[in-house]
Amino acid sequence: SNLSKEEKKARKAELRREEDRIYTASSQLMKEDEDYLRYRRIWWVLLVIGILALIGTWVLLAVLGQDGMADKGAQFALIVAAYAAIIVAFIFDFIKIRPIRNACRDKAAGMTAAKLDDVIARSMAPKDKKQGK
């Protein structure tokens, strides 16, 4: 409370650096978790299905125009499928992915500085190999 502006800035910067280290370590822990990677792929597939269904709806509308009464059912089905896929993707994220993400963040927050350094070094190893080639 009796700190100068520079000291407060330095303290905040140190807290941000520590928080960044924790997030970097938790990101690496998530990359090493097979369930997280599998669930993340499922999440992306659901989102892509939803987006493709929306694009399909627009294509049907553009090709058939407003007069294409025969495919109104197809357009409606694609819109329902799109919204369903996107909503399921977000629910899937909350139910399956978020607990893993929070567990990895908690695990990283509870690590000692040396363990954090080890995990961060593992995350930097692939980048070092790419730069060396």
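The values are calculated or read from the model by the stated rules, or taken from the named source; none is laboratory data. The structure presented is a predicted model; accordingly, all values stated were derived computationally and were not measured. Cβ placement follows ideal geometry from the backbone for every residue including glycine, while neighbour counts extend to all protein chains displayed. Areas reflect the complete protein model, heavy atoms only, side chains present, ligands, DNA and RNA absent. Shrake-Rupley method; radii C 1.70, N 1.55, O 1.52, S 1.80 Å.
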*asked:* In whole percent, and with a 1.4 Å probe on the protein chains, what portion of the accessible area of the chain is carbon and sulfur?
replied: 63
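Which whole-number value in Å² is the accessible area per residue of the stretch 27-118, probe 1.4 Å? Could you put the intermediate results ahead of the total?
Values: 6010 Å² over 92 residues.
Using a 1.4 Å probe on heavy atoms only, each residue of the stretch 27-118 averages 65 Å².
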*Return the label of the correct value of P(r) over Cα pairs in 10 Å bins from 0, in percent, as calculated from the structure shown, out of (1) 11, 23, 21, 19, 14, 8, 3, 0; (2) 11, 35, 28, 14, 8, 3, 0; (3) 13, 37, 29, 19, 2.*
(1)
*Mind checking which aspartates and glutamates have their Cα closer than 16 Å to the Cα of K5? Skip sequence neighbours fewer than 8 apart in that chain.*
E14
*Starting from the Cα-Cα distance between M124 and D35, subtract it from 0.36 nm times their residue separation and give me the gain in nm to one decimal.*
29.8 nm
*Rounded to the nearest 0.05, what FRET efficiency do R98 and R11 have when you use their Cβ-Cβ distance and R0 = 30 Å?*
0.50
*Cβ-derived FRET efficiency at R0 41 Å, L3 paired with I51, nearest 0.05*: 0.25
*When the chain is fully extended, how far beyond the present Cα-Cα distance does K72 get from A109, taking 0.36 nm per residue of separation?*
8.0 nm
*Just grab the label-to-label distance for W58 and F90, each label 7 Å out from Cα along the Cβ direction, in nm (one decimal).*
1.9
_Positive-pole candidate from L64, L15, A81, dipole of the chain, charges at beta carbon_ = L15
